[in-house]
Amino acid sequence: MSSLHVLASALRDPALVLEFGEPEWERLLVLAELSRLTATLGDRIERAGLWGELPERVRERFHAGRILADFRNRRLRWEMACLERVLRKADFEVIVLKGGAYLLLDLPWARGRLPADLDLLVAREHLAAMEALLLAEGFAPVKLSSYDQRYYREWMHELPPLRHPERRVEIDIHHALLPLTARLRADPERLWGAARAVAGSRFKVLGPQDMVLHAAVHLFYDSDLNNRLRDLVDLDELLRHFGGGQADFWQGLVERAKAHGWERPLAYALAFSHRFLGTPIPQDRPLPAVHPVLARWMNFLVGRALFPELPRRFSKITAIARFLLYARSHYLRMPLKVLLPHLLYKAKARLLGHPATP
């Protein structure tokens, strides 16, 4: 089994790990930790009924990963509970995105994730009110330069991150799902119109199709795909959860992608989740596809960049693939007249040892 894809293979078919010896286990566990997927992999092995067949040392490593995931998830749930109280003063709706939404919905794989922050979506006309409300409750902006402040407020789809001084969870307040300068846009009326209430919560979540599409554009349009296997796992789980046995889900997913103009990110999401994780994709209906030449290039680049590298195994080919995808992600996010000065600023900041924006 290729060291490049050993982690994806174990996630796809957990029974493979029963054949592992000490070296294979060590390699797999290192890759899982580098990908922030230790608890997720342990959860998949347990769901496959194989937990009792693992070596004791391996179970201990997975148990440690689960303790960390449980802590992160409890912390995120507590942050959402605190925000629920704050938002009693608000007269506008708030959507929880990504990991927070998976927790609110108690989706099966959420317990193995390692959420780093809380992503919220508000309508743009309520952005200032949302920011003022959180600042009045003691939240403070993460320290940023004046350039970084401008970067977020003029070009991005979110405010500069906020953080409560006691709880320390970073809050990202979005007013769109993609940067303002990006070539793709979502239809906000469709997003909000399909948003769903969550029982017992002040928050809403995206509709199932929009949740999948957001995960697709987040990975294949708004990121450089560097060590992002965990995001592909999210897509795999979302497609299995919402698409299993629901023919109307797939038809609605395609229609929704066309409505937003997001067919290409969806095509990549379906192709790569099926290729690497075995996501079941229906073959009896027309789904978005990518031009064969472009697909070959992306297969090569994504196959290199998506996976973590073992320490002391630097690959020039992987480095080139990651650089090309890094350049692609910025090109898709910004027009050249904005991108070139931004990259010059970043290069200068790095030379001077200053932190820079993404």
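At a glance:
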read-out: Residue in the range 137-159 that is within 16 Å of the chain's Cα centre (by Cα) and surrounded by 14 or more Cβ atoms within 10 Å (Cβ to Cβ) present; value: yes
read-out: Answer from LEU266, LEU229, LEU253 - the residue that is in contact (Cβ under 8 Å) with a residue 60 or more places away in the chain and surrounded by 17 or more Cβ atoms within 10 Å (Cβ to Cβ); value: LEU229
read-out: Residue check, PRO292 under 19 Å from VAL212 (Cβ atoms) and at pLDDT below 95; value: no
read-out: Among (1) in a helix (DSSP H, G or I); (2) in contact with a His (Cβ under 9 Å, 6 or more places away or on another chain); (3) among the aliphatic types (A, V, I, L, M), the one test that LEU184 misses; value: (1)
read-out: Members of the range 271-316 that are among the polar types (S, T, N, Q) and surrounded by 14 or more Cβ atoms within 10 Å (Cβ to Cβ); value: SER273, THR279, ASN299
read-out: Extreme residue, farthest from VAL338 (Cα to Cα), among residues of the range 153-176 that are of a type outside the set (Val, Ile, Thr) and touching a residue at least 60 places away in the same chain (Cβ under 8 Å); value: ARG167
read-out: Enumeration of residues in the range 299-313 that are closer than 14 Å to LEU34 by Cβ and either among the aromatic types (Phe, Trp, Tyr) or modelled with pLDDT of 90 or more (or both); value: ALA305, LEU306, PHE307
read-out: Residue list for the range 115-130, filter: under 14 Å from the mean Cα position of the chain (by Cα) and surrounded by fewer than 18 Cβ atoms within 10 Å (Cβ to Cβ); value: ALA116, ASP117
read-out: Qualifying residue in the range 203-221 (condition: at positive phi and assigned to a loop (DSSP other than H, G, I, E, B)); value: no
read-out: Evaluation of ILE95 against (1) without any contact (Cβ under 8 Å) to a residue 24 or more places away in the chain; (2) under 14 Å from HIS174 (Cα atoms); (3) surrounded by 15 or more Cβ atoms within 10 Å (Cβ to Cβ) (one fails), failing number; value: (1)
read-out: Scope the range 331-358; condition over 16 Å from ARG153 (Cβ atoms), of a type in the set (A, V, I, L, M, F, W, C) and at pLDDT 75 or above; matching residues; value: LEU332, LEU336, LEU339, LEU340, LEU343, LEU344
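Results for (1) of a type in the set (A, V, I, L, M, F, W, C); (2) modelled with pLDDT under 90; (3) not in a loop (DSSP other than H, G, I, E, B), shown as yes or no for each residue.
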| site | (1), (2), (3) |
| --- | --- |
| PRO115 | no, no, no |
| LEU118 | yes, no, yes |
| LEU133 | yes, no, yes |
| LEU144 | yes, yes, no |
| GLN149 | no, yes, yes |
| ARG153 | no, yes, yes |
| PRO165 | no, yes, no |
| ASP172 | no, no, yes |
| LEU177 | yes, no, no |
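The values are calculated or read from the model by the stated rules, or taken from the named source; none is laboratory data. Being a predicted model, the structure only gives us computed values, none of them experimental. Reconstructed Cβ throughout: ideal geometry from the backbone, glycine too, with neighbour counts over all protein chains shown.
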